[in-house]
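Below is one structure, written out as structure tokens; comments come after it.
The values are calculated or read from the model by the stated rules, or taken from the named source; none is laboratory data. Since the structure is predicted, the reported quantities are computational estimates derived from the model, not experimental observations. Cβ placement follows ideal geometry from the backbone for every residue including glycine, while neighbour counts extend to all protein chains displayed.
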Amino acid sequence: MDLWRGYGYYPPSLAAASSAGSLPPPPPSTAHFAPTFVTSTPFGSPLTCSAFPIDNGHTGVNQLGGVFVNGRPLPDHIRGRIVEMAHQGVRPCDISRQLRVSHGCVSKILGRFYETGSVKPGVIGGSKPKVATPRVVGCIAAYKRANPTMFAWEIREKLLQVE
């Protein structure tokens, strides 16, 4: 019987007992109470960081307790700290734990630094560089002059045959 009490619904067999007063009323709804949010970890450090504006649609907390914004790069000061700690001989797994950043993120940033010498993130979005050389553009123009109703896929096939 107690199973149904918390839901505010009684099956027909219990409805009669409820109306007779032999069952206690269901608990009051808590929908009017404002939700509370945890703003710190058990270790006393806040979950928020001034580098990440709070946006409930995209902000999250990773398994290490670090705050991240989905789809956005890690701030430059944290990227710099990762490289700095690596230069001091700290292992990537320890860097990951101390800075509360995933091991994959640490590895990716260090790999990019060793490859390019930069800690800056890559470009998000944007268009791809054009690959049409002046010679290819000239061929396309010639094909269109010769046959204005030619489809793009036909031009592509002709270009691939020539090269």
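Look through the range 81-116, keep the residues that are outside any loop (DSSP other than H, G, I, E, B) and of a type in the set (D, E, K, R), and return whichever of them is surrounded by the fewest Cβ atoms within 10 Å (Cβ to Cβ). Steps first, answer last, please.
Step one: of the range 81-116, the residues outside any loop (DSSP other than H, G, I, E, B) are 81-87, 92-99, 103-116.
Checking which are of a type in the set (D, E, K, R) leaves us with 81, 84, 94, 97, 108, 112, 115.
Working: Arg81: 17, Glu84: 12, Asp94: 12, Arg97: 15, Lys108: 15, Arg112: 17, Glu115: 8.
Step by step, filter the range 81-116, then rank; the result is Glu115.
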| query | Across the range 117-163, which residue is modelled with the lowest pLDDT among those that are of a type in the set (S, T, N, Q) and surrounded by fewer than 10 Cβ atoms within 10 Å (Cβ to Cβ)? | reply | Ser127
| message | For the range 129-138, check the following and say yes or no: at least one residue is under 23 Å from His58 (Cα atoms) and not in a helix (DSSP H, G or I). | response | no
